[in-house]
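Inspection log for the structure reproduced underneath, given as structure tokens.
What follows is calculated from the coordinates using simple rules that are stated; it is not laboratory data. Fair warning: this is a prediction, and the values are worked out from it, not measured in the lab. Backbone-built Cβ (ideal geometry, glycine too); neighbour counts: all protein chains shown.
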Amino acid sequence: MSERDCIIIAGAGPVGSITALALSQAGIPVIQFDAEKETPTAHRAATTHSSTLDLLDGVGMTPTILAQGLRAQYFQYRYRETNEVFAEFDFARLAGETNHPYAVQLEQHKTVAIAQDMLRAYPDFTLHREYRVVEVENGADHVRVVTETPDGGKQNWTARYVVGCDGGRSFVRKSQDIDFPGFTWEERFIIVATLFDFEKADDYRYRNYIADPEQWCSVFKIPGPDGKGMWRNLFPVIGDAPESEATSDEWIRARYDYCFPYARDTAIIHRNLYSVHQRVAVAFRKGRVMLAGDAAHINNPLGGMGMNSGIADGLNLAQKLTAVWRGEAQDDVFDLYDRQRRPLAQKYVQAQSIQNKETLQAKDKMAANLRFEELRRTADDPLRHKAFLMNSALINMAREAAKIL
């Protein structure tokens, strides 16, 4: 291939790697850049929804994800004060709507590893690590990209198209002056990993949300480094405590004392503090440059919407890039990508993740009780139960996108 005759992908996270895999399987040369020396293993996304598993069937990843991950059929909502389960949802209600009526808990970096392992079979795929994209020139018939190399030098590249999968601070998006409106939540989030067995201690499911007006939290099980199981707790950091305080053993143990008094002596394996945003780019396409995943939209992690919607972006875009590459479609099909993905990121991903957070943290006791009672009635009613899952598993989003022309 000539250097120009390829697609460049910026970012080698789950969205960039899966997009690269779909393009490579279609016989399209791909050059991928990532600024990191290796895939970060910090605790990030871990839930793969049924709609995503259906999509990943198409690139052959789902069997390995199922083999490595934990199958989560249920998720619960509990009161923090009493630990009572006030709503439980069962993905089995989605039988007939999906090939995978469950979610799978698997760490994001392991999903990346699966895609990257599969990509090694394609000679026209190249991944350059520690290559930072520092310039993107969007031309009429090509895109020129400049990368900063590990030795500090600069290198020029040319491609037919560029896909920005380079995260919420996306250089690709900024290089095209694409606005990223939205807001940043007042509180930060901290993820804490522990080996304490919440399932054995109090019959927790693999996915659990704990509601409280003062200190909500969540509890999730993941396979962990050895595949034998590890639990994550997500806590909001309310106020302006410095990072050194919010990540300290004392601060974290105070959260355990409040939310899980029976888990006071558990060892803290990992902690990760970060700010949380809700933003959607005003365009997912500008000329020969496209955005997908966090580069296009970011949201709080409650509900596992971010990685899943990003993978759907990447696979939708890969189909359109393939059609254009083969001469089966014109460039205006990328406007269809924007129409199918951008408004629905607002309608489903943003709205659902914001609603999830507001349900858990409702400050006014009367308003909180109304929210909780509504969620309980939803779980108890078979039709509403299924409708709730159709949204939370992003099945409705996928179907609505497919209808947009």
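Among the complete DSSP H segments of the chain, which ones combine at least 30 Å of alpha-carbon extent along their axis with a mean Kyte-Doolittle hydropathy of 0.5 or more?
Details: long enough: none.
Within the chain not a single helix satisfies the rule.
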Open item on the list: Charges on Cβ only, +1 for Lys and Arg, -1 for Asp and Glu, centred on the Cα centroid of the chain; of TRP251, ASN83, VAL280, which one is farthest towards the dipole's positive end?
Closed with: VAL280
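Would you calculate a helix-derived [θ] at 222 nm for the chain, using -39,500 (n - 2.57) for each DSSP H run of n ≥ 4 and dividing by the full residue count, to the nearest 500?
Working: 14 runs with 143 residues, N = 405.
-10500 deg cm²/dmol, from helical runs alone.
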Task: Longest to shortest principal axis, alpha-carbon extents of the range 19-80, angstrom - done: 51, 28, 18
Open item on the list: A 21 angstrom limit on the alpha carbon distance is what I want to check against. Which of LYS200/LYS221; LYS347/LYS386; LYS37/LYS110; LYS200/LYS228; LYS37/LYS221 exceed it?
Closed with: LYS37/LYS221
Task: DSSP beta bridges in the chain [antiparallel fraction, %, rounded to 5] - done: 70 percent
Open item on the list: Using Cβ contacts closer than 10 Å as the measure, can you line up LEU23, LEU53 from fewest to most?
Closed with: LEU53, LEU23
TODO: Give me the net charge of GLU148's neighbourhood, meaning all other residues with Cβ under 12 Å from the Cβ of GLU148; Lys, Arg count +1, Asp, Glu -1.
DONE: -1
TODO: Can you pull a Stokes-Einstein diffusion coefficient for the range 42-110 at 10 °C (1.306 mPa s), Rh from Kirkwood over Cα pairs, as a whole number of µm²/s?
DONE: 120 µm²/s
Task: At 1.567 mPa s and 4 °C, Stokes diffusion of the range 55-94 via Kirkwood alpha-carbon radius, µm² per second - done: 103 µm²/s
Task: Most positive-pole-ward Cα, PRO213, ALA45, TRP231, against dipole of the chain from beta carbon charges - done: ALA45
TODO: Could you rank the peptides 320-326, 246-252 by their average count of other C-beta atoms within 10 Å per residue, with the highest value first?
DONE: 320-326, 246-252
Task: Alpha-carbon Rg with Dmax, taken over the chain, Å - done: 21.3, 65
- [ ] Go through LEU315, PRO382, TRP157 and say which Cα lies farthest out towards the positive end of the charge dipole of the chain; charges sit on Cβ, +1 for Lys and Arg, -1 for Asp and Glu.
- [x] PRO382
Task: Order of PHE388, PHE183 under a 10 Å beta carbon neighbour criterion, fewest first - done: PHE183, PHE388
Open item on the list: Are there any trypsin sites (Lys or Arg not before Pro) in the range 25-107 that are in a DSSP loop and have at most 10 other Cβ atoms within 10 Å? List them by number.
Closed with: LYS37
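For the residues CYS217, CYS165, what sequence is obtained by ranking on other C-beta atoms within 10 Å, fewest first? It would help to have the intermediate numbers written out before the result.
Numbers: CYS217 23, CYS165 31.
In order of increasing Cβ crowding within 10 Å: CYS217, CYS165.
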Task: Rh by Kirkwood over Cα pairs, then Stokes-Einstein D for the range 278-350 at 1.002 mPa s and 20 °C, µm²/s - done: 173 µm²/s
Open item on the list: Let me spell out the model: positive unit charges on the Cβ of Lys and Arg, negative unit charges on the Cβ of Asp and Glu, origin at the Cα centre of the chain. What dipole size does that give, in debye rounded to 20?
Closed with: 600 debye
Task: Using θ = phi - 60° and Karplus 6.51 cos²θ - 1.76 cosθ + 1.60, couplings along the range 69-82 (whole Hz; Gly, Pro as x) - done: x, 9, 7, 10, 7, 10, 9, 10, 10, 10, 7, 5, 5, 10
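In whole percent, what relative contact order does the range 101-234 give with Cα contacts below 8 Å and a gap of six or more residues? Kindly include the intermediate steps, with their values, before the conclusion.
Working: 149 pairs, mean separation 23.3, N = 134.
Reported relative contact order: 17 percent.
Once a ≥ b ≥ c are taken as the square roots of the eigenvalues of the Cα gyration tensor of the range 1-132, is the result rounded (a/c under 1.5), prolate (a/b larger than b/c) or oblate (a/b not larger than b/c)?
Values: a/c = 3.37, a/b = 1.94, b/c = 1.74.
Prolate, since a/c reaches 1.5 and a/b exceeds b/c.
In debye to the nearest 20, how big a dipole does the range 59-136 give about its Cα centre with +1 on each Lys and Arg Cβ and -1 on each Asp and Glu Cβ? Walk me through the intermediate numbers first.
Values: 8 positive and 10 negative charges, 29 e Å.
In total the dipole reaches around 140 debye.
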